[in-house]
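Structure, as structure tokens:
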Amino acid sequence: MTNGFFNEVMEGPLAQELAEETVRLCRIPGPTGWTEEICAYVEQKLRAYGWEPRRIHKGGLLCDLGGEGDTLVVSAHLDAIGTMVSSVLPNGRLRLAALGGVVFANLDSENCTVYTRGGRAISGTLQLDEPSTHANGEVRTRERNRMTMEVVLDEETSSAAETRALGVENGDYVVFDPKVCEAGGFIKSRALDDRAQAAVLLVYAKWLRETGRTPGRHTVLQFADFEEIGLGGSAGLPEDVREFLAADVGIIGRELEGNEFSVSIVAKDASMPYDPRVTRGLIDAAQRAGAPYVVDVYPERYGSDAGAAVRAGYNVRIGLFGPGVSATHGYERTHRKAIAAAFATLVSYIGY
């Protein structure tokens, strides 16, 4: 590993591969608990690269990349925050329940699709219950939350009976338009958390095959489900796992060092510190690769698959790293440089 590996990634085809894979993954629906489509996509890609992934009963999959020594699990989650129909209202519109840390104000007037258990996909829009500025003087100030917002279906329905006749029922998943786009090296989407890191792991698995390299230690990739509700790393891990590295996103905000051009290395989240040996190792790895990095402490509202693994009783050292992403759990944005920095740091950390 040379000090210029990050530059090699940015100047070669890997930066383009990472960006393209991120965009592809962001376009696949996958709210918490409803990740079959994206899980099948990842599984197919890994098999095409010559690996043999296996499913986890809870949801998600594992892929053993080989290598010697203590087992390291590197985990990115496939699930994104999402919503589910909680009730069909008398006017035929839908009330939603949140799956994970949804901020309904960020979804005002956004297009969505209701996936019924009967196999239909019905488009709609999430609106304030009285959205016209001409009819409602409070439209500018009224709080946007799950009790004041409704899904208006693109169907001729004005009653609960008519909506149910379309096949819509409580418990149907509602997926919002990810609004994926790339411009000037920036990638924007509602699903960068954590599709950017899922892309890093996929491209890493492909890179190993293409270069004929073997990980410098026994490495298993996890593509998890249920992370957004705190259960991503809680089950299905190899029995001999000794270290768990959460490949999640870095946060950008006041009093934080994170930015859209660097990899964030997390020393502590909202509930626990990460193993200082792992944190130090990630810092050393970023420095060896010449990757731009920051070290941050997240005092509030942040957890990861690593914390779920510890709470589930796994005897593991934990760490966390990820590309800096702005507006997390909203309309998120990062830059190719941050994703490349995360990739270069991962390769450097594992070695070969």
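Condition check: open to solvent by 10 Å² or more (accessible area, probe 1.4 Å) and of a type in the set (Gly, Ala, Ser). Does Ala40 satisfy that? In short, yes.
Considering only region 288-309, state which residues are outside any strand (DSSP E or B) and either free of Cβ contacts under 8 Å to residues at least 60 places away in the same chain or among the aromatic types (Phe, Trp, Tyr) (or both). Can you show your working first?
Here is the first cut: in region 288-309, the residues outside any strand (DSSP E or B) are 288-292, 298-309.
Listed by number, the residues that qualify are Tyr298, Pro299, Glu300, Tyr302.
Scanning region 57-72 for residues that are out of contact with any Pro (no Cβ under 9 Å at 6 or more places or on another chain), closer than 25 Å to Leu231 by Cβ and surrounded by fewer than 18 Cβ atoms within 10 Å (Cβ to Cβ) yields His57, Lys58, Asp70. Only residues that are of a type in the set (A, V, I, L, M) and either open to solvent by 10 Å² or more (accessible area, probe 1.4 Å) or at pLDDT below 95 (or both) were counted in region 156-202, giving 8. Quick check, is Glu255 modelled with pLDDT under 95, of a type in the set (Asp, Glu), open to solvent by 10 Å² or more (accessible area, probe 1.4 Å) and more than 11 Å from Tyr349 (Cβ to Cβ)? Answer is yes for this residue. The criterion of at least 2 residues that are hydroxyl-bearing (Ser, Thr, Tyr) is met, among strands (runs of 3 or more DSSP E) falling completely within region 50-94, by 71-77, 82-88. Provide a single number: the residues in region 220-243 that are surrounded by 24 or more Cβ atoms within 10 Å (Cβ to Cβ) and either in contact with a Phe, Trp or Tyr (Cβ under 7 Å, 6 or more places away or on another chain) or part of a loop (DSSP other than H, G, I, E, B) (or both). Of the residues in region 220-243, 4 are surrounded by 24 or more Cβ atoms within 10 Å (Cβ to Cβ) and either in contact with a Phe, Trp or Tyr (Cβ under 7 Å, 6 or more places away or on another chain) or part of a loop (DSSP other than H, G, I, E, B) (or both). Can you spot a residue in region 266-281 that is in contact with a helix residue (DSSP H, G or I) (Cβ under 9 Å, 6 or more places away or on another chain), surrounded by 21 or more Cβ atoms within 10 Å (Cβ to Cβ) and touching a residue at least 60 places away in the same chain (Cβ under 8 Å)? Checked region 266-281: no residue is in contact with a helix residue (DSSP H, G or I) (Cβ under 9 Å, 6 or more places away or on another chain), surrounded by 21 or more Cβ atoms within 10 Å (Cβ to Cβ) and touching a residue at least 60 places away in the same chain (Cβ under 8 Å).
For region 205-216, check the following and say yes or no: at least one residue is under 14 Å from Val74 (Cα atoms) and among the β-branched types (Val, Ile, Thr). There is no residue in region 205-216 that is under 14 Å from Val74 (Cα atoms) and among the β-branched types (Val, Ile, Thr).
The values are calculated or read from the model by the stated rules, or taken from the named source; none is laboratory data. What you see is a predicted model, and the numbers here were worked out from it, not measured in a lab. Positions of Cβ are generated from backbone atoms using ideal geometry, with glycine treated the same way; all protein chains shown enter the neighbour counts. In case anyone asks, the SASA skips ligands and DNA or RNA and just uses the protein heavy atoms, side chains included. Shrake-Rupley method; radii C 1.70, N 1.55, O 1.52, S 1.80 Å.
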